[in-house]
Structure formats: structure tokens, C-alpha cells
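Have a look at the structure below, then the notes.
Rule-based calculations on the coordinates, nothing more; no lab input. What you see is a predicted model; the values in this text were computed from it and never measured. So basically every Cβ, Gly included, is an ideal-geometry build from the backbone, and we count neighbours across all protein chains shown.
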Amino acid sequence: MRERGLCLHGEPYLTPLAPSLTGQLEVSRLLGISGKSQILFALVFTTRYLDLFSNFISIYNTVMKVVFLLCAYVTVYMIYWKFRKTFDIENDTFRLEFLVVPVTGLSFLVNYSYAPMEILWTFSIYLESVAILPQLFMISKTGEAETITTHYLFFLGLYRLLYLANWIRRYQTENFYDQISVVSGVVQTIFYCDFFYLYVTKVLKGKKLSLPMPV
């Protein structure tokens with residue numbers, strides 16, 4: 001059942017990421033992209049697709065998993081090495097252990113079984129739901145975001161909304177319900193709600209997105 005969602009999961013990640021990075025590379029700057037969020041996304045893909053070495057589904061499935069992993073790690077490489085001089089490391093200060101440690105503990109407490117691959121899959125689902133927080137924290141810290149970055153975030157959030165619609169449809173047509181995935185997806189969508197409002201009221205009207213500065 002999970003493998004059927006592979007395409008839905010990865011392609012929305014790659015779709016906004018490609019134009020975002022392409023546009024930024026044209027001006028040789030990393031405009032507001034959080035390297036720490038990209039590290040978390042790379043960790044999400046790694047722990048979710050470790051079955052690449054033990055569970056063959058199809059050539060397409062295998063190729064797409066490899067593509068997702070490569071894109072995730074190439075992105076991290078570009079941020080921290082190739083374009084590190086233009087990376088805003090001073091504002092990308094979210095403490096990753098505040099997310100990774102609780103998610104790890106939750107993965108052992110709430111899962112479908114204690115098989116290693118199952119725990120890793122559960123970890124990836126939980127971590128994905130909060131992986132965007134360093135990016136949102138970075139925007140809140142600077143008080144604004146470049147337009148191209150807001151488009152990237154909008155499409156990431158939009159994919160989650162479409163994924164929720166997919167779960168509803170599968171429940172109606174197949175009576176399939178994955179509680180861990182659904183709850184994590186709802187949590188992730190909630191994080192995007194405020195951003196969606198600002199995107200619609202400002203970015204779509206040609207204004208630059210700005211947030212209230214933290215006290």
C-alpha cells in the first residue's frame with residue numbers, strides 16, 4: 001500500500017525544488033532556503049527508502065527512489081559546499097535535535113511493529129511532518145522571504161493538501177486508512193496554514209511576503 005504513494009510523495013517535493021534552485025542558481029545566491037530543512041528532507045528519504053536494497057517492487061519504483069535520494073543529497077551539497085558563500089547560515093539556526101530526538105522517541109512508542117524497517121518508515125513519516133519548521137523559523141527570523149522561496153514553500157504545502165485528498169479518496173474507495181500517515185499529514189498541513197494565508201493575500205498580489213518579527 002505504501003509503495004503506491006511513492007510517486008505522489010516524491011514528485012511534489014522535486015517539482016517545487018527544481019524551479020526554486022534553478023532560479024536561485026541563475027543569480028548564484030541561495031535566497032532564503034533553509035539548509036537544515038533540506039537535511040531533514042534528505043534524512044526522511046533515506047530512512048523511508050532503505051528498503052531499496054531489500055524490497056524490489058518495479059524498475060520504476062527503484063529508479064524514482066534513487067532519483068529522490070540523489071536530488072535530496074545534491075541539494076544539501078549545493079547549499080553547504082558549492083554555494084556556501086551565499087547561504088544565509090546566520091539565520092538558519094533552528095536546532096535540529098529539537099525535532100530529531102522527539103521524533104525518534106515517538107517512532108519507538110507509536111508504530112505498527114517493532115521491525116527495524118517499520119520503525120525507520122514511521123520515523124520518516126513523523127520527521128516529514130516537521131521537516132519544514134527550520135524553513136518557517138528562518139523566514140520568521142528574517143521577517144520576510146524572497147518570492148521564489150515562497151513559491152517553493154507554497155507547492156510543498158499544496159502537495160500535502162493533495163495528499164490529504166488522496167487519503168480521503170482511498171478511504172472511500174478502498175476502505176484504506178493509515179492513521180500514522182494521516183495524523184502526521186494533518187499536523188504538517190497545520191504548519192502551513194498561516195503561510196497559505198500570507199501567500200494568497202500578499203504574494204499572489206505581487207507583494208513581498210513578510211512576517212511579524214519574533215519578540
According to a simple spin-label model (label point 7 Å from Cα along Cα-to-Cβ), what is the distance in nm between I59 and K82? 2.8 nm
Given R₀ = 22 Å, FRET efficiency for R95-T46 by Cβ-Cβ distance, to 0.05? 0.60
Roughly how far apart, in whole Å, are the Cα centres of the stretch 122-196 and the stretch 46-70? 22 Å
Where does each of 102-113, 65-76 land if you order them by average Cβ count within 10 Å, highest first? 65-76, 102-113
Mind putting a number on the dipole of the stretch 28-111 about its Cα centre? Charges go on the C-beta only, +1 for Lys and Arg and -1 for Asp and Glu, and I need it in Debye to the nearest 20. 220 debye
Amide H contacts under 5 Å for E144, placed H, 5+ residues apart: L211
Which ³J(HN,Hα) values in Hz, rounded to whole numbers, follow from the phi angles of the stretch 154-170 under the Karplus curve 6.51 cos²θ - 1.76 cosθ + 1.60, where θ = phi - 60° and Gly and Pro get x? 4, 6, 5, x, 5, 4, 5, 5, 5, 5, 4, 4, 5, 5, 4, 5, 5
Ordering 86-94, 180-188, 167-175 by per-residue average of other C-beta atoms within 10 angstrom, highest first, gives 180-188, 86-94, 167-175
Hz values of 3J(HN,Hα) by residue in the stretch 38-54 - Karplus curve (6.51, -1.76, 1.60), Gly and Pro given as x: 5, 4, 5, 5, 4, 5, 4, 5, 5, 6, 7, 10, 5, 5, 3, 8, 10
Given the peptides 54-64, 144-154, arrange them by the average over their residues of other C-beta atoms within 10 Å, most packed first. 144-154, 54-64
Taking only the Cα atoms of the stretch 46-175, how large is their convex hull per residue, in Å³? 156 Å³
